[in-house]
Amino acid sequence: MPNRSMSWQSNKKILCAMFVVNMTIAASWAWMGAWMVLPFAGLEVLLVGIGMYYVSWKLSFKEVIIVEAESLIIQKGVYFPKQEWHWSRSATTLIKQPSQYRMSAPTLFLKHLNERIEIGKFLNRSEKLTLRKYLLELGLPIRVSS
């Protein structure tokens with residue numbers, strides 16, 4: 001999973017607090033006669049809420065790699081697997097493509113016959129190196145491409 005600074009539950013608490021503060025200020029302005037502030041205050045909270053939900057949804061993306069004795073299962077999706085691959089473990093290769101920049105994370109692919117899938121796109125450098133090490137310990141052959 002991508003790194004998340006806050007869960008959706010925490011985002012909802014912040015959104016509710018923002019709603020209370022905005023509506024308190026908008027209600028005081030409306031009480032003084034500037035009633036047109038109310039719909040814009042509500043619209044502001046609604047748009048921020050939609051943005052927070054979208055970011056939280058995008059950060060709920062998961063990749064699951066299941067390594068069994070003779071097979072490899074790769075699942076990708078949000079909330080449930082939307083894409084799934086079942087490959088033979090003996091015919092699968094880990095491909096490491098070095099990054100253009102010295103401190104950037106390498107790009108990792110799993111290749112089976114003519115199909116190639118990028119894995120760990122959202123991981124940072126140390127997490128990708130740990131993933132690579134783990135897959136190598138499981139016996140997947142590695143190939144470095146340029």
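The values are calculated or read from the model by the stated rules, or taken from the named source; none is laboratory data. Quick caveat: nothing in here was measured; it's all calculated off a predicted structure. Cβ: placed from backbone, ideal geometry, glycine included. Neighbour counts: every protein chain shown.
Of all residues in segment 1-15, exactly one satisfies the criterion of being closer than 30 Å to Ile74 by Cα and among the basic types (Lys, Arg), namely Arg4.
For (1) in contact with a Phe, Trp or Tyr (Cβ under 9 Å, 6 or more places away or on another chain); (2) of a type in the set (A, V, I, L, M); (3) under 22 Å from Gln83 (Cα atoms); (4) modelled with pLDDT of 85 or more, each residue gets a yes or a no:
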{"site": "Arg102", "(1), (2), (3), (4)": "no, no, no, no"}
{"site": "Pro106", "(1), (2), (3), (4)": "no, no, no, yes"}
{"site": "Glu115", "(1), (2), (3), (4)": "yes, no, yes, yes"}
{"site": "Lys128", "(1), (2), (3), (4)": "no, no, yes, yes"}
{"site": "Arg132", "(1), (2), (3), (4)": "no, no, yes, yes"}
{"site": "Glu137", "(1), (2), (3), (4)": "no, no, no, yes"}
{"site": "Ile142", "(1), (2), (3), (4)": "no, yes, no, no"}
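Please work out which one of (1) surrounded by 13 or more Cβ atoms within 10 Å (Cβ to Cβ); (2) among the hydrophobic types (A, V, I, L, M, F, W, C); (3) within 28 Å of Lys111 (Cα to Cα) is the condition Phe80 fails and give its number. Exception for Phe80: condition (1). If you go through segment 1-30 and pick out every residue that is at pLDDT below 90 and surrounded by 13 or more Cβ atoms within 10 Å (Cβ to Cβ), you end up with 4. Beta carbons closer than 6 Å, at least 6 apart along the sequence or on distinct chains, pair a first residue in segment 1-28 that is under 25 Å from Lys121 (Cα atoms) with a second that is assigned to a helix (DSSP H, G or I) and of a type in the set (A, V, I, L, M) for Asn11/Met52. Within segment 38-74, being within 14 Å of the chain's Cα centre (by Cα), under 17 Å from Arg116 (Cα atoms) and surrounded by 13 or more Cβ atoms within 10 Å (Cβ to Cβ) holds for one residue alone: Glu63.
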